[in-house]
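Everything below concerns the one structure shown next.
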Amino acid sequence: LDVDEFGLDDMDARILKTIIEMFDGGPVGLNTVAAAVAEDANTIEEVYEPFLVQHGFLQRTGRGRVATPHAYRHFGYTPPVNQAQESLF
């Protein structure tokens, strides 16, 4: 079934990697993600997102979906520096 140690299957990984690689981690709209991974937006929202949100890989914001630092590290990427924090220093 190609499920990894965190319970992510192939589509979970495709969604997260697409957000990280194609959209710089987000925020990105649901329909844009759906088109990029060739999956129905309702299926992503109802089947994949709840698991990804519950396990800390994805955040749903008012501006769109955002990959969390946990998702970045899981796939071997360096999480981006929070620019809001960076501007304080």
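The values are calculated or read from the model by the stated rules, or taken from the named source; none is laboratory data. Note that the coordinates shown come from a computational prediction; the quantities given were computed from them, not determined experimentally. Cβ coordinates were reconstructed from backbone atoms using ideal geometry, including for glycine residues, and neighbour counts include every protein chain displayed. Each accessible area value is taken on the protein alone, full model and side chains, heavy atoms only, with ligands, DNA and RNA left out. Shrake-Rupley method; radii C 1.70, N 1.55, O 1.52, S 1.80 Å.
For the chain, modelled as a GNM with alpha-carbon contacts under 10 angstrom, which of Leu16, Leu58, Leu30 fluctuates the most? Among Leu16, Leu58, Leu30, the largest mean-square fluctuation in the Gaussian network model of the chain belongs to Leu30.
Using only the Cα atoms of the stretch 1-47, build the gyration tensor, take square roots of its eigenvalues as a ≥ b ≥ c, and label the shape rounded, prolate or oblate: rounded if a/c is under 1.5, else prolate if a/b is larger than b/c, else oblate.
Working: a/c = 2.21, a/b = 1.35, b/c = 1.64.
Since a/c reaches 1.5 but b/c is at least a/b, the shape of the stretch 1-47 is classed as oblate.
Stokes-Einstein diffusion for the chain, with the hydrodynamic radius set to the Kirkwood value over Cα pairs and evaluated at 10 °C in a medium of 1.306 mPa s, equals 119 µm²/s. With the simple spin-label model, which puts each label point 7 Å out from Cα in the Cβ direction, the His70 to Asp2 separation comes to 2.3 nm.
Using a simple spin-label model with pseudo-atoms 7 Å out from Cα toward Cβ, Arg63 and Ala38 lie 3.1 nm apart.
Where the accessible area of the chain is counted over protein heavy atoms with a 1.4 Å probe, how much of it, in %, is carbon and sulfur?
Values: 2750 of 5620 Å².
On the chain, the fraction of accessible area on carbon and sulfur atoms equals 49 percent.
Ellipticity at 222 nm from helices only: DSSP H runs of n ≥ 4 in the chain, each -39500 (n - 2.57), divided by the residue count, give -11500 deg cm²/dmol.
From the protein chains alone at 1.4 Å, what is the descending order of accessible area for Thr32, Thr78, largest first? All intermediate terms of the calculation are to be shown ahead of the outcome.
Details: Thr32 65, Thr78 120 Å².
Result, largest first: Thr78, Thr32.
Would you mind working out the accessible area per residue for the chain, using a 1.4 Å probe, and quoting it in Å²? Could the numbers behind the result be given before it?
Values: 5620 Å² over 89 residues.
Ligands and nucleic acids excluded, the result is 63 Å² per residue.
Note on surface exposure: Phe51, Phe6, Phe57 rank Phe6, Phe51, Phe57 by accessible area, highest first, 1.4 Å probe.
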